[in-house]
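Undergrad: Just passing along the structure, written as structure tokens.
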Amino acid sequence: MLVVVCGHCGYVLYEGNELKTLNEILREYAGVCPNCKKSLKPVTQSVKILEEEG
Ligand SMILES: [Zn+2]
């Protein structure tokens, strides 16, 4: 499972099995975290990608 969270506050931006690019996910949020309102960029400092089994 793919989990993408905001690197600022830990808000879960995407969770699922579908392979998406960070750009696709961030575009759905217009590049802004809906929780902390900070800008999201497809770099590891602003988002975290977690890959979990199952
Ligand atoms: Zn956030």
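The values are calculated or read from the model by the stated rules, or taken from the named source; none is laboratory data. Note that this is a predicted model, so its numbers are computed, not measured. When we count neighbours, we look across all protein chains shown, and the Cβ atoms used for this are built from the backbone with ideal geometry, even at glycine.
Undergrad: Can you tell me which condition VAL5 does not meet? The list is (1) more than 11 Å from the ligand (Cβ to nearest atom); (2) closer than 18 Å to GLU53 by Cα, and all the others hold.
TA: Only one criterion in (1) more than 11 Å from the ligand (Cβ to nearest atom); (2) closer than 18 Å to GLU53 by Cα is unmet by VAL5, namely (1).
Undergrad: Pull out all pairs, ordered by first then second residue, where Cβ-Cβ is under 6 Å, the residues are six or more apart or on different chains, the first lies in the stretch 30-54 and is at pLDDT 95 or above, and the second is within 9 Å of the ligand (Cβ to nearest atom) and outside any loop (DSSP other than H, G, I, E, B).
TA: CYS33/CYS6
Undergrad: Can you find a residue that is away from the ligand (no atom under 15 Å from the Cβ) and part of a loop (DSSP other than H, G, I, E, B) anywhere in the stretch 31-39?
TA: no
Undergrad: Condition first: under 26 Å from GLU53 (Cβ atoms), within 13 Å of the ligand (Cβ to nearest atom) and in a loop (DSSP other than H, G, I, E, B). Now tell me which residues in the stretch 8-28 satisfy that.
TA: CYS9, GLY10, TYR11
Undergrad: Taking the stretch 12-24 on its own, how many of its residues are surrounded by fewer than 16 Cβ atoms within 10 Å (Cβ to Cβ) and either under 9 Å from the mean Cα position of the chain (by Cα) or of a type outside the set (A, V, I, L, M) (or both)?
TA: Summing the residues that are surrounded by fewer than 16 Cβ atoms within 10 Å (Cβ to Cβ) and either under 9 Å from the mean Cα position of the chain (by Cα) or of a type outside the set (A, V, I, L, M) (or both) in the stretch 12-24 gives 9.
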